[in-house]
Structure formats: structure tokens, C-alpha cells
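The values are calculated or read from the model by the stated rules, or taken from the named source; none is laboratory data. Just so we're clear, the structure is a prediction, and the values are computed from it rather than from any experiment. All Cβ positions, even for glycine, are placed from backbone atoms using ideal geometry, and neighbour counts span all protein chains on display. Ligands, DNA and RNA are stripped out before the accessible areas are found, and what is left, the full protein with its side chains, is counted by its heavy atoms. Shrake-Rupley method; radii C 1.70, N 1.55, O 1.52, S 1.80 Å.
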Amino acid sequence: MANLNIRLVKSLNGRLEKQVATAHALGLRKIGDSTVQPDNACTRGKIAKIGYLLQVAEEK
């Protein structure tokens, strides 16, 4: 199963509470933080909510 490398590229300042909570659920706290998550429906849903703040790359 593939993994996703997710990186926070825009600030969480001024974002809605739910958006900040979603970023924290992915393990992202500040600009430049990155995490590797499994490529599943749950992770894809989180990315869909705050995708404009993220840079996502597929890891093999």
C-alpha cells in the first residue's frame, strides 16, 4: 500500500478551528512540518478539507 508524504506550506494563523484541528490530526503544527500517512479514505478526506495549505506527494 502506498503512503502519502504531506507537508504544510501555508500558515495556520487565522484559519478556522476545524482546519487547525485537521492539520494537527495529520501531525502538522507549523510551516515546513511534514508527515507520512497511509493513502486511505480517511487521510484523503483530511487532505480535501485543507488541501490548499498542503503539498502532497505519493511515496512508494
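Things worth noting here:
- Of the residues making up the stretch 35-60, those that are farther than 20 Å from Arg15 by Cβ and in a strand (DSSP E or B) number 5.
- Among the candidates Gly27, Gly14, residue that is under 9 Å from the mean Cα position of the chain (by Cα) and on the phi > 0 side of the Ramachandran plot: Gly27
- Within the stretch 5-34, the residues that satisfy the criterion of being surrounded by fewer than 13 Cβ atoms within 10 Å (Cβ to Cβ) and polar (S, T, N, Q) are Ser11, Asn13.
- Residue check for Lys30: in contact with a helix residue (DSSP H, G or I) (Cβ under 9 Å, 6 or more places away or on another chain) and at pLDDT 95 or above: no
- Pairs, first open to solvent by 30 Å² or more (accessible area, probe 1.4 Å) in the stretch 44-58, second of a type in the set (Asp, Glu) and in a helix (DSSP H, G or I), C-beta under 7 Å, six or more apart: none
- Among the candidates Lys30, Lys10, Lys18, the residue that is assigned to a helix (DSSP H, G or I) and either touching a residue at least 12 places away in the same chain (Cβ under 8 Å) or not acidic (Asp, Glu) (or both) is uniquely Lys18.
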